[in-house]
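Every number in this text was worked out from the coordinates using simple rules, so none of it is lab data. Quantities reported herein were computed from a predicted structural model and do not represent experimental measurements. Quick reminder, even Gly has a Cβ in these numbers, built from the backbone with ideal geometry, and neighbours come from all protein chains shown.
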Amino acid sequence: MNRGEVVGSLMPVGRLRGIPDTRLDATVAELLRLFLLYDSRCSTMAAYSKGMRQRVLLAAALLHNSDLLVLDEPFSGSTSMPACCFAR
């Protein structure tokens, strides 16, 4: 996977949570595809809209696949975020 700024910000989060790099690469790619960010993964975060940055934060929260995730206004600034993304 090409490591742009977005991937570069998600990888350390996964490593802090103890996710092995081989699994982490696949998980990051899967989450970026899920949140429709994969094609822009090489862009800088500054180029992202508020909604896109919100989706990056959601991807970081979902990296370790916890049983419970409490979100405070997860759709704030994210008009293009389909609710079906949380049904997985």
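Residue separation of Ala29 and Asn65 scaled by 0.36 nm, minus their Cα-Cα distance, works out to 11.5 nm of gained length. The shape of the stretch 1-66 comes out prolate: with a ≥ b ≥ c from the C-alpha gyration tensor, a/c is at least 1.5 and a/b beats b/c.
Approximating the spin labels as points 7 Å out from Cα along Cα→Cβ, the Thr44-to-Glu5 distance works out to 0.5 nm.
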